[in-house]
Amino acid sequence: MKTQKLVIVLTKGINNDVSSIAFTIANAALGKEMEVGIFLTSEGVDLSRETGSEFTHVHPFKKLKELIESYIKNGGILWTCSPCFNHRGLNAEEIYKGSEIVGAGPMLDWIAEGARTLSF
């Protein structure tokens, strides 16, 4: 059986509870043995930085940093929109290991192959 793929487009950053919701859903999908790719864009690119979410905790969810680290540890793919990242002057040396600063290409490849999509 072919593994189902899920693409999540996340435009929200630390100041919006939607970020915690998106990573909670992504972790649940990994638990269902789906391949998951999150494309961080707009304000969401800040979440690719290891220090970008260390103080964010929206109850009743886990701390956002824990959700992101769990997602990456369990095989989730984290794509960061390069134009959005560069526009904000962020430092590529601060991103999570395994995170990629890319254009939309990898995400679009998954969608062209039939991946399900969610957008936050």
>> With the requirement that a residue be of a type outside the set (A, V, I, L, M) and buried (at least 24 other Cβ atoms within 10 Å of the Cβ), what does the stretch 9-19 give you?
In response: Ser19
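Would you pick out the residues in the stretch 96-120 that are more than 14 Å from Ile38 (Cα to Cα) and not charged (D, E, K, R)?
Ala112, Gly114
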> Among the residues of the stretch 27-46, which ones are surrounded by fewer than 16 Cβ atoms within 10 Å (Cβ to Cβ) and of a type in the set (A, V, I, L, M)?
Replying inline: Ala28
>> Just to check your reading of the model, which residue among Leu6, Leu67, Leu78 is surrounded by 15 or more Cβ atoms within 10 Å (Cβ to Cβ), part of a helix (DSSP H, G or I), at pLDDT 95 or above and under 13 Å from the mean Cα position of the chain (by Cα)?
In response: Leu67
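Looking at Glu43, is it in a helix (DSSP H, G or I) and either modelled with pLDDT of 95 or more or basic (Lys, Arg) (or both)?
So Glu43 fits the description; yes.
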>> Looking only at the stretch 101-120, count every residue that is within 12 Å of the chain's Cα centre (by Cα) and either free of Cβ contacts under 8 Å to residues at least 24 places away in the same chain or part of a helix (DSSP H, G or I) (or both) and tell me the total.
In response: 1
>> Can you tell me which condition Ser42 does not meet? The list is (1) more than 13 Å from the chain's Cα centre (by Cα); (2) on the phi > 0 side of the Ramachandran plot, and all the others hold.
In response: (1)
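With the structure loaded, tell me whether Phe23 is among the aromatic types (Phe, Trp, Tyr), buried (at least 20 other Cβ atoms within 10 Å of the Cβ), under 12 Å from the mean Cα position of the chain (by Cα) and in a strand (DSSP E or B) or whether it fails that test. Please lay out each step first, then the result.
On the way: among the aromatic types (Phe, Trp, Tyr): yes; buried (at least 20 other Cβ atoms within 10 Å of the Cβ): yes; under 12 Å from the mean Cα position of the chain (by Cα): yes; in a strand (DSSP E or B): no.
The answer is no for Phe23.
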>> Pairs please, first residue from the stretch 87-100 and assigned to a helix (DSSP H, G or I), second anywhere and surrounded by 13 or more Cβ atoms within 10 Å (Cβ to Cβ) and among the small types (Gly, Ala, Ser), Cβ atoms under 8 Å, 6+ apart in sequence or on different chains.
In response: Glu94/Gly52
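The values are calculated or read from the model by the stated rules, or taken from the named source; none is laboratory data. As the structure is a computational prediction, the values presented were derived from the model and not from experiment. Heads up, the Cβs are rebuilt from the backbone with ideal geometry, glycines too, and the neighbour counts pull from every protein chain shown.
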